[in-house]
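K.L.:
Got a structure here, written out as structure tokens. Questions coming.
No lab work stands behind these numbers, since they all come straight from the coordinates. The shown structure was predicted, so the numbers you read here are calculated from the model rather than taken from an experiment. Please note: Cβ atoms are built from the backbone with ideal geometry, for glycine as well, and neighbour counts cover all protein chains shown.
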Amino acid sequence: MLVPFNTLQGQPLDASNGTIGRVRDFYFSADDWAIDYFLTDIGSWFSYYSVLLPAAVVQGYNRDQKTISVELTTLQVQLSPTLESNKSASKQNRMNGCDNVSLRPNVTELLPLRGAINVAPAEKNTCDQPDGRHQHLYSSEELRRNYTLRVCDGELGFVENFILQHDDEWQLRYLVIQISWWPGKTVLLPREYIEDISVERCEIVVSLPRLVVEQAPEYNSSITINGGYEQRLRDHYTQALIGAPTT
């Protein structure tokens, strides 16, 4: 199932004994595009705190009731670890040059701190990524607010939204890109074309020329991303890269 993240934002959690909180953000790994945590605000607009919920406990989204099912009680959600309680995250905040840090600590350092949740994220193999990207989680909110998209021949636009895939686990499937030079045009960028996420430059680096992304099939929130639409996307990017005419 594919879900636009802005559909989940602001929706309450449907815990085993009631509803609680509202989802605000998610954190993902750039090596396998798995979503590790959902950030949820607990409380009212005037007084609230934010907790990290492992994505493994988030079962899915109920479109009819507009709630997000979790395998927890409301008390377990309330007692879940906060981002601020992780010292490594605070250290990274001070070291990073971007506001509202997007560089996150190793996922194994974000285990529940108050014993409320017994779901631990999968171990990451530190030998797979020599540049260390596997050690960091990235905030979707930070990427959307502060990062620009850089293609092979310059800047192109910015991230407007994210399309998540939920089958056995949650993953980032597409970035929804607003093209700066084409007011009003929005396209989907498959994750496999993301070459790097540069924290130093606050850029998402894409291994494609500008024209290929600009000419991708247009996307808007009224479009259903079904098999036919995804095939059009695959055909466009594949044909553009081999120099064949696109339709």
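K.L.:
If you rank TRP181, TRP170 by fewest surrounding Cβ atoms within 10 Å, what's the result?
P.N.:
Numbers: TRP181 11, TRP170 22.
Ranking TRP181, TRP170 by Cβ neighbours within 10 Å, fewest first, gives TRP181, TRP170.
K.L.:
Could you check the simple spin-label distance between THR238 and GLN65, using points 7 Å along Cα→Cβ, in nm with one decimal?
P.N.:
4.0
K.L.:
Mind checking the full-extension length gain between GLU155 and GLN215? Use 0.36 nm per residue of separation minus the Cα-Cα distance, one decimal, nm.
P.N.:
Details: separation 60, 0.36 × 60 = 21.60 nm, distance 1.55 nm.
Using 0.36 nm per residue and subtracting the Cα-Cα distance, I get 20.1 nm.
K.L.:
Relative to the present Cα-Cα distance, how much length would full extension add between ASP168 and ARG145 at 0.36 nm per residue of separation?
P.N.:
Extra length available between ASP168 and ARG145 comes to 5.4 nm.
K.L.:
Turning to a different aspect of this structure: Need one number: nm distance between label points at SER180 and LEU75, each 7 Å from Cα along Cα→Cβ, rounded to one decimal.
P.N.:
5.2
K.L.:
Counting other beta carbons within 10 Å of each Cβ, put ASP153, ASP64 in order, fewest first. Don't skip to the end; give the middle numbers.
P.N.:
Details: ASP153 10, ASP64 5.
If I rank by nearby Cβ atoms, fewest first, I get ASP64, ASP153.
K.L.:
Sort GLU142, GLU71 so the one with the fewest other Cβ atoms within 10 Å of its own Cβ comes first.
P.N.:
Values: GLU142 21, GLU71 15.
Ordered from fewest to most neighbouring Cβ atoms within 10 Å, GLU142, GLU71 come out as GLU71, GLU142.
K.L.:
Which FRET efficiency, nearest 0.05, do TYR48 and GLU195 yield, Cβ-Cβ r, R0 51 Å? Before the final figure, lay out the partial values.
P.N.:
Details: r = 37 Å, r/R0 = 0.72.
Once rounded, the FRET efficiency stands at 0.90.
K.L.:
If the label point is 7 Å along Cα→Cβ of VAL205, which residues in the stretch 166-197 have backbone nitrogen under 20 Å from it?
P.N.:
Taking a point 7 Å out along Cα→Cβ of VAL205, the residues of the stretch 166-197 whose backbone N falls under 20 Å are 175, 189-197.
K.L.:
Relative to the present Cα-Cα distance, how much length would full extension add between ASN226 and ASP32 at 0.36 nm per residue of separation? Mind dumping the intermediate values first?
P.N.:
Details: separation 194, 0.36 × 194 = 69.84 nm, distance 2.28 nm.
Fully extending the segment from ASN226 to ASP32 adds 67.6 nm.
K.L.:
From the square roots a ≥ b ≥ c of the eigenvalues of the alpha-carbon gyration tensor of the stretch 143-242, which class results: rounded (a/c under 1.5), prolate (a/b over b/c), or oblate?
P.N.:
Judged from the Cα gyration tensor, the stretch 143-242 comes out rounded (a/c under 1.5).
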